[in-house]
Amino acid sequence: MKCFVHHEKDAVGTCKHCGKGLCTECVVEAKGGVSCRGVCEEHVEALRQLTQRAIGTHPRVSASYSRAAIYVGLSGVVFLSVGLVSENSGLSYFLIAMAVVSFVGAAMYLRSAAEFKKKS
C-alpha cells in the first residue's frame with residue numbers, strides 16, 4: 001500500500017480514524033493508535049477515550065440490571081400478595097398473572113446482570 005499523500009512512498013501504517021495509508025512523514029503514533037499527522041490526531045484520541053469509558057460501563061450495567069431485578073421481583077411479591085388476598089376472583093387472577101410476569105422479568109434481569117458481570 002502507498003501513502004495517501006505521498007503516492008511514491010510505501011505506507012507504514014493506516015490511520016485509525018480515516019483508514020488512509022501513511023508514510024513515515026505523515027504518520028504520528030498516539031496513545032489510541034496511528035493517525036494522520038495534524039489531521040486525525042484528535043479523533044483518534046477521542047476514540048481511545050470513548051473506548052476506555054465503554055470498558056468501564058460493564059460493572060455499572062451489571063449493577064443496574066441487579067437493581068432492576070430486585071425492583072421487578074418485589075413488584076411481583078406485591079402483586080402476588082394482593083392477588084392472594086383479593087376477594088374478587090377476576091382481579092385475583094389478573095394480579096397473580098402479573099406476579100408471574102414480574103418474576104419472569106426479574107429472572108431475565110438477573111441473567112443479564114450475570115452475563116455483564118462475566119464480560120467485565
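Any read-out appearing in this document is the output of simple, stated calculations on the displayed coordinates, not a laboratory observation. The shown structure was predicted, so the numbers you read here are calculated from the model rather than taken from an experiment. Note: ideal-geometry Cβ built from the backbone for every residue, glycine included; neighbour counts use all protein chains shown.
Data overview
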item	result
Cα→Cβ-extended label distance, 7 Å offset, between Glu45 and Lys117, nm	3.9 nm
Three-way shape label, segment 57-119, alpha-carbon gyration tensor, a/c 1.5	prolate
Residue-averaged 222 nm ellipticity for the chain, from DSSP H runs of 4+ at -39500 (n - 2.57), nearest 500	-22000 deg cm²/dmol
Förster-model FRET efficiency, 41 Å R0, Met108 and Val28, C-beta, rounded to 0.05	0.30
Estimated distance in nm for a label pair at Ser64 and Val77, the labels positioned 7 Å out from Cα along Cα-to-Cβ	2.5 nm
Mean Kyte hydropathy of 0.5 or more with a Cα span along the axis of at least 24 Å, helices from DSSP in the chain	57-85, 89-119
Contact order relative to length of segment 57-119, as percent, for alpha carbon pairs under 8 angstrom and 6 or more apart	51 percent
Normalised convex hull volume, the chain, alpha-carbon set, Å³ per residue	132 Å³
